[in-house]
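Asker: Starting off with a structure, shown below.
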């Protein structure tokens, strides 16, 4: 009887140790530590996604950034350093800018605007809402404490391990703070009053902050415009990457000044081009933004400039 109890105790201890071994106790110390863990833990989509976020949190710390750069290059299955990859430029900028770090913390379970997205990078969990097959990729929807809907990521399998194939939704703006969100809504309500003095309906669909898309899926014509809560705006697609600021006028129009515009010239990389201004107006139902822009025709721009439509995620290009 005692022997059976002893054996049973050993089994319980072994199970407990196995659970501890599978837990995410702390961030990787360096790339070699990360690589060793990746070979074991990235054999599932969820394991690969968690390791991606661990690498992100390492990158947010300037002290571990050089090693974290290698981690992210590996997790994203990139052939070049992430700092030299044009499609990841915005991602890198937001990781280096401390004012955007709350975006990445917002994915941790329990992190919300009300607690300033408080979480421990050494001990965090992700809540997966669903998992589905999307062509060669597997898409996972992850709960986000600062967004109205889950954020999607995509992973792809190579030689038995999973790697991030689309991470663009992990650095899209979220609600910064509860007080700031209330103030932004109040400002928009004031700006939305019509000429008769009556207030136009303002709710989630009428708020300008978020991602807007031009309706195109072909790579050369697929453009997004992102209005951030801090008053900055970004417009990008094809080879264009434009940044600026926006204001909401008394008549409800949104006026944007794009004064940091770059174009990816083949063989030369991103070079600065002339800026421009745009005026946006909500449709009656708040689902579309008409726009009137004065971009210089000499600047290559494939955007169709039809009304923009709100979207929760970036719309991936279907083909070249």
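Asker: Just one of (1) over 15 Å from residue 236 (Cβ atoms); (2) in a strand (DSSP E or B) trips up residue 284, so point out which.
Answerer: Failing condition for residue 284: (2).
Asker: Within region 185-223, track down each residue that is modelled with pLDDT of 80 or more, surrounded by 19 or more Cβ atoms within 10 Å (Cβ to Cβ) and more than 19 Å from the chain's Cα centre (by Cα).
Answerer: 216, the sole residue that qualifies.
Asker: Do we have any residue at all in region 265-281 that's part of a loop (DSSP other than H, G, I, E, B) and closer than 22 Å to residue 229 by Cα?
Answerer: As a first pass, look at region 265-281 and keep what is part of a loop (DSSP other than H, G, I, E, B): 266-268, 274-275.
If we keep only those that are closer than 22 Å to residue 229 by Cα as well, we get 275.
Looking for residues that are part of a loop (DSSP other than H, G, I, E, B) and closer than 22 Å to residue 229 by Cα, one finds at least one in region 265-281, hence yes.
Asker: Go through region 27-110 and tell me which helices (runs of 4 or more DSSP H), entirely inside it, have 3 or more residues that are under 20 Å from residue 165 (Cβ atoms) and touching a helix residue (DSSP H, G or I) at 6+ places or on another chain (Cβ under 9 Å). Steps first, answer last, please.
Answerer: Values: elements: 31-41, 45-60, 65-75, 89-96, 101-105.
It comes to 31-41, 45-60, 65-75, 89-96.
Asker: Continuing with the same structure: Of the conditions (1) more than 15 Å from residue 53 (Cβ to Cβ); (2) touching a helix residue (DSSP H, G or I) at 6+ places or on another chain (Cβ under 8 Å); (3) crowded, with 18+ Cβ neighbours inside 10 Å, residue 114 clears all except one; give me its number.
Answerer: (3)
Asker: Yes or no: residue 265 outside the structural domain of residue 99 (by TED's automatic domain parsing) and either surrounded by 15 or more Cβ atoms within 10 Å (Cβ to Cβ) or under 26 Å from residue 169 (Cβ atoms) (or both)?
Answerer: Against the criterion (outside the structural domain of residue 99 (by TED's automatic domain parsing) and either surrounded by 15 or more Cβ atoms within 10 Å (Cβ to Cβ) or under 26 Å from residue 169 (Cβ atoms) (or both)), residue 265 does not qualify.
Asker: Show the residue pairs that are 6+ apart or on different chains and have beta-carbon atoms under 7 Å apart, the first residue being within region 99-122 and on the phi > 0 side of the Ramachandran plot, the second being outside any loop (DSSP other than H, G, I, E, B) and surrounded by 13 or more Cβ atoms within 10 Å (Cβ to Cβ).
Answerer: 117/102; 117/105
Asker: Restricting attention to region 152-183, which residues are over 14 Å from the mean Cα position of the chain (by Cα) and modelled with pLDDT of 90 or more?
Answerer: Passing the criteria: 155, 156, 157, 158, 159, 160, 161, 162, 163.
Asker: Quick check on region 290-320: of everything there that is more than 22 Å from the chain's Cα centre (by Cα) and closer than 19 Å to residue 249 by Cβ, which residue is modelled with the lowest pLDDT?
Answerer: Filtering region 290-320 for residues that are more than 22 Å from the chain's Cα centre (by Cα) and closer than 19 Å to residue 249 by Cβ, the one modelled with the lowest pLDDT comes out as 294.
Asker: Next question, about the same structure. Looking only at region 224-251, how many residues end up being part of a loop (DSSP other than H, G, I, E, B) and buried (at least 19 other Cβ atoms within 10 Å of the Cβ)?
Answerer: Residues that pass the stated criteria total 1.
Asker: Do you know which residues across region 119-138 are in contact with a strand residue (DSSP E or B) (Cβ under 7 Å, 6 or more places away or on another chain), surrounded by fewer than 18 Cβ atoms within 10 Å (Cβ to Cβ) and in a strand (DSSP E or B)?
Answerer: Correct list: 128, 129, 130, 131, 132, 134.
The values are calculated or read from the model by the stated rules, or taken from the named source; none is laboratory data. Note that this is a predicted model, so its numbers are computed, not measured. In this analysis, Cβ positions are derived from the backbone assuming ideal geometry, glycine residues included, and neighbour counts consider all displayed protein chains.
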